[in-house]
Amino acid sequence: MTERSNKIIRLGFLAAGLTNIIGILIVSRGFSAETLPLADPAVFGHFGLLMIMLWGLAYIGTVPMANRAVLLPATFAVEKLAYTLNWVFWMDGQGGSLPGIRELDPLGALFLQGYGLNDGLFALFFAVVAVRNWRKAGEP
């Protein structure tokens, strides 16, 4: 594989990590906004927000080996898929509450409206990296 594709992969892991860490800090206003914990307490309670940031650190920690690792990006793909599916189910059951949430917290509503798309794209990215690295590991 080319050095350019290796660099893109490393930047993708870094972007995923920074998105989780900085994104949660911004949307939750440093854990002071209650929008996310109230909208989906099982996933976005304060502990859940902290765990999302921890996943972000795991993505960043994988950057040095991102072009070789298979199991880590595969795990990350499944984790991001889980958040995407949670979003789909939340939108189906609770999406109608978004206008009211938007009135109280436009940034929180924007996050709730779109985080599943973001996570779905990162799930696809991590899956492609896992398959690419697995294939590369099998090459002579």
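Of all residues in the range 64-110, those satisfying the criterion of being closer than 14 Å to LEU38 by Cα and either of a type in the set (Gly, Ala, Ser) or in a helix (DSSP H, G or I) (or both) are TRP90, GLN94, GLY95, SER97, LEU98, GLY100, ILE101, ARG102, LEU104, GLY108, ALA109. Can you tell me which residue in the range 7-22 is farthest from the chain's Cα centre (by Cα), limited to those that are touching a residue at least 24 places away in the same chain (Cβ under 8 Å) and open to solvent by 20 Å² or more (accessible area, probe 1.4 Å)? Among those that are touching a residue at least 24 places away in the same chain (Cβ under 8 Å) and open to solvent by 20 Å² or more (accessible area, probe 1.4 Å), it is ARG10.
Here PRO140 fulfils each of the conditions (1) surrounded by fewer than 19 Cβ atoms within 10 Å (Cβ to Cβ); (2) modelled with pLDDT of 95 or more apart from (2).
The number of residues in the range 30-39 being free of Cβ contacts under 8 Å to residues at least 40 places away in the same chain and open to solvent by 20 Å² or more (accessible area, probe 1.4 Å) comes to 5.
In the range 56-67, what count of residues is obtained for those that are within 13 Å of the chain's Cα centre (by Cα) and crowded, with 19+ Cβ neighbours inside 10 Å?
Applying the first criterion (within 13 Å of the chain's Cα centre (by Cα)) to the range 56-67 yields 56-60.
Filter once more, keeping what is crowded, with 19+ Cβ neighbours inside 10 Å: 56, 59.
Counting residues in the range 56-67 that are within 13 Å of the chain's Cα centre (by Cα) and crowded, with 19+ Cβ neighbours inside 10 Å gives 2.
Look at (1) outside any helix (DSSP H, G or I); (2) in contact with a Phe, Trp or Tyr (Cβ under 6 Å, 6 or more places away or on another chain) and you find that ALA33 fails only one, number (2). Would you please name the residue that is surrounded by the most Cβ atoms within 10 Å (Cβ to Cβ), looking only at residues in the range 68-102 that are in contact (Cβ under 8 Å) with a residue 12 or more places away in the chain and among the basic types (Lys, Arg)? So the residue we want is LYS80. Mind checking which residues of the range 91-126 are among the small types (Gly, Ala, Ser) and under 19 Å from THR2 (Cα atoms)? Of everything in the range 91-126, nothing turns out to be among the small types (Gly, Ala, Ser) and under 19 Å from THR2 (Cα atoms).
The values are calculated or read from the model by the stated rules, or taken from the named source; none is laboratory data. As the structure is a prediction and not an experimental result, all values here were calculated from the model. Note: ideal-geometry Cβ built from the backbone for every residue, glycine included; neighbour counts use all protein chains shown. We work out accessible area using only protein heavy atoms, side chains counted, and drop any ligands, DNA or RNA first. Shrake-Rupley method; radii C 1.70, N 1.55, O 1.52, S 1.80 Å.
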